[in-house]
Amino acid sequence: MVDQARHSGIVGRELGIAFVGAGRMGSQRASIAASHPAVRFLAVADIDPDRARAVGEKVKADLCSGDNLAVISRPEVNAVVVSTPEHEHTRPVLQALELGKPVLVEKPLALSLDDARQITAAVAAAKGDLFVGYTKRYTRSFILAKEYISRGCLGRTLGAATRVYNSRAQAFQILKRSPHASPVLDVLTYYVDLVCWFLAGNEPAEVVARGQKGVFRDAGYGADDVTWAIVTFADGAVASLGVDYALPEKYPSLGQSPRMEVLGTEGVILLSEEHKEHIIYTNKGISHGYVPGHDVNMAFLGTSSSGDYALGDFWGPQADETRGWLDYLSTGRPCILPRAHEALRTLEVTLAIERAAATKESVKLPL
Ligand SMILES: NC(=O)c1ccc[n+]([C@@H]2O[C@H](COP(=O)([O-])OP(=O)(O)OC[C@H]3O[C@@H](n4cnc5c(N)ncnc54)[C@H](O)[C@@H]3O)[C@@H](O)[C@H]2O)c1
């Protein structure tokens, strides 16, 4: 179970939440928070004030602004969600920590080790209360895997194999927002986090990897289309991790289509979250929740990474995650997300995978 020692002491109090970055994730999380019984004050900031106002109106926020600090520092605000692009997390996170406010920041913690180390140092200095939004931890099958591994059902964990596929349509949305947020740093990061969670106490020690360039290079980006890595852990356990986010744009995944397998001396867990058995086909077209203007005829239902709007509400891992964090703040209920130091280690592994793929040499951890 996670260390609850740093709980910020706002249990039992009303919550005032600031949302910094009112894009896809920020607006989803703000709409989920708007109906939480403990939340009495909502504030929305975005570098684009029109965007802050539009989302603020939708969630009936008490305050909207183009100035992050004005929102973070409001006395009614006692916790902050940072949903800015990957390379823009650090400043608002540090501002919130300096003011002693708990933080939920989107994954990855940062794109550079310098930024991530600055955040972990600030958390340590302020005894800060920060979780990183590795939403996949709130997928039911992964929670059950963690439960049964913790109960010892697999015996000693010997290794894992995981890979995730998606269409290039979504990858280009990510690269447009943050050109250095490669599929390894931005997507495979969820699976590095999960494998490290499952193998808790057994630190990643070495990485070998290979990648191949094509679609993204032709579009002017540095990212590989396909990357495969083997991560060796301190006791010799080996995990194979792969990502292909360059499948054709109409590939039916509406987000991540992963498999996860964990292997032990006494058992094995085999999970498919590809949703290939949940298909809709329609001549009328379905709009892609993440890619504006992108319609598909066929889709694997339930593959949208964070969840889906349906029947007037938002459903899926990010709804459970956001409510789980708000419950943690207001009731002290445990939150199963990683802390800053775990997210820093995950970033190190993904950076090591990129370095190993680029140099074709093994990379030792920690970096
Ligand atoms: N947990 C999940 O399921 C999940 C899914 C997708 C993305 N993400 C993560 O969420 C984050 C945001 O992704 P998104 O898809 O919402 O992006 P987005 O582009 O839809 O939204 C980002 C918003 O931040 C605003 N912004 C940019 N710089 C800012 C700054 N300095 N201060 C304030 N606002 C700023 C932009 O105007 C935009 O409205 C990323 O870290 C991404 O990796 C998480």
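So for the chain: antiparallel DSSP bridges make up what percent, rounded to the nearest 5? In the chain, DSSP labels about 55 percent of beta bridges as antiparallel. Going by the alpha-carbon gyration tensor, a ≥ b ≥ c the square roots of its eigenvalues, is segment 60-161 rounded (a/c under 1.5) or, if a/c is not under 1.5, prolate (a/b greater than b/c) versus oblate? It is prolate, given that a/c is not under 1.5 and a/b is the larger ratio. Note on segment 120-211: the C-alpha convex hull projects to 8.5 nm² when averaged across all orientations. Once the mean of 1/r is taken over each pair of separate Cα atoms and inverted, the chain shows a Kirkwood hydrodynamic radius of 20.9 Å. What separates the Cα centres of segment 193-213 and segment 26-53 is a distance of 35 Å.
Pairs spanning more than 31 Å between alpha-carbon atoms, out of Lys107/Lys127; Lys146/Lys284; Lys107/Lys213; Lys107/Lys284; Lys107/Lys146; Lys58/Lys127: Lys146/Lys284; Lys107/Lys284; Lys58/Lys127.
Extension gain Arg117-Ala310, at 0.36 nm per residue separation less the Cα-Cα distance, in nm? Between Arg117 and Ala310, full extension yields an extra 65.6 nm.
The simple spin-label model puts a point 7 Å past each Cα toward its Cβ; for Ile279 and Glu249 those points are separated by 2.3 nm. Under 15 Å from a label point set 7 Å out along the Cα-to-Cβ vector of Ser35, the amide N atoms of segment 311-334 belong to 311-324.
List the pairs from Lys250/Lys360; Lys136/Lys364; Lys250/Lys276 whose alpha-carbon separation is above 23 Å, in the order I gave them.
From the list (Lys250/Lys360; Lys136/Lys364; Lys250/Lys276), the Cα-Cα distance tops 23 Å for Lys250/Lys360; Lys136/Lys364.
For Leu99 and Met298, FRET efficiency with R0 = 41 Å and r from the beta-carbon atoms, rounded to 0.05?
My answer for the efficiency is 0.30.
Values quoted throughout were computed directly from the atomic coordinates according to the rules given, and no laboratory measurement underlies them. Just so you know, these numbers come straight off a predicted model, no measurement behind them. Virtual Cβ from ideal backbone geometry, glycine too; neighbours counted across all protein chains shown.
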